[in-house]
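Worksheet: the structure to be examined is printed underneath.
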Amino acid sequence: MEMAVGAGVRPAKAVVKHTFGEGVRFHPHLHALVTSGGWDRSRVWHPQLPTWDQGVLRELFEIEIFRFLRERDRLSRKRMEFILSWPHSGFNVHVGGAVAPHDKISLTRAARYMLRAPVVMSRVSPMTRATVRIDLHHRRKLQSQPKTGEE
């Protein structure tokens, strides 16, 4: 982070942990909103526009996750090396577009996405006292297909 915004400059950030993906599958991941600048120790704002390198961020994320698991004896060195030998280790980072400071619509959209519930309640139906049914099918409007003249 310091390489992007400068030594001693601390950006503001909000990070949300999600453990779900589409279809209520287990899919642990993080969402983050990070300022494009930061404050120094004197509380002076330094507006920087860092260029986030997705590859570098993915590598740093992978290193931190492996370090976290290794320090807690949750991952052996042998297993870690095995995962690192895969063509794709499963770690990924996506850098979305910047949100302008006064673009309240985009900021609200990003915040809502980060804070969304794992299941839309309109897709949940009680079955018994102890079970529910979750409709995982997306109901999208069918677009009319162009006529081919063969009908």
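Quick note: the coordinates plus some simple rules give every number you see, no bench work behind them. Computed from a predicted model, the values in this text were never measured in an experiment.
Normalised by the number of residues in the chain, what is the relative contact order in percent for Cα pairs under 8 Å and 6+ residues apart?
16
For Rg and Dmax of the Cα atoms in Å, the candidate list reads (1) 14.1, 43; (2) 21.6, 73; (3) 17.4, 56; the entry that matches the value derived from this model is (2). Once the Cα atoms are used to define both axes, helix 54-71 deviates from the longest principal axis of the chain by about 80 degrees.
Residue by residue, the stretch 32-47 carries 3J(HN,Hα) couplings of 9, 10, 10, 5, 8, x, x, 9, 8, 5, 8, 6, 9, 7, 10, x Hz when phi is fed to the Karplus relation 6.51 cos²θ - 1.76 cosθ + 1.60 (θ = phi - 60°); x denotes Gly or Pro.
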